[in-house]
Amino acid sequence: MKASTRPMNHEALSSFMPPLSEEEAQEQARLLKALADPQRLRLLSLLRQHGGVICVLELARACTLGQSTISHHLRLLREAGLVDCHKQGLWAYYYVKREALERAGKIIAGLS
């Protein structure tokens with residue numbers, strides 16, 4: 001039996017429209033992509049374990065990554081909104097933005 005090539009009506013097509021705008025999809029993908037790297041997950045775990053702020057130097061001491069690699073991953077996490085920092089003198093102190101982790105959880109839950 002041959003499939004119908006008749007165009008669907010507008011109401012039927014609207015039910016197939018994605019619930020996300022292109023901008024929302026880009027933002028959510030950036031957030032999830034930042035979480036999809038094992039080194040960034042390790043850094044988030046270290047930050048979360050300390051429950052507050054931690055200096056980049058302390059992060060470097062706690063893991064096997066070089067300082068420039070840590071800075072690179074922290075920059076990507078910050079751009080995704082997962083962490084933030086404040087500077088005191090020469091040092092940057094990072095912390096997890098828990099609301100961003102909650103948002104990531106909601107995104108994943110919404111896909112199931």
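Only the coordinates and a few stated rules stand behind these numbers; no lab work does. Everything quoted here is computed from the prediction, not taken from an experiment. Every residue, glycine among them, receives a Cβ derived from its backbone with ideal geometry; neighbour counts consider all protein chains shown.
Data for the structure
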item: Added length on full extension, which subtracts the Cα-Cα distance from 0.36 nm per residue, A62 to E99; result: 10.8 nm
item: Charge sum, other residues only, whose C-beta stays under 15 Å from H50's C-beta, Lys/Arg counted +1 and Asp/Glu -1; result: +3
item: Average Cα contact separation per residue, segment 38-111, under 8 Å, 6 or more apart, as relative contact order %; result: 31
item: Neighbour-count order for H73, H86, fewest beta carbons within 10 angstrom listed first; result: H86, H73
item: More than 19 angstrom apart: percent of Cα pairs within segment 38-111; result: 30
item: Nearest-20 debye value, segment 38-111 charge dipole, Cβ charges on Lys, Arg, Asp, Glu; result: 60
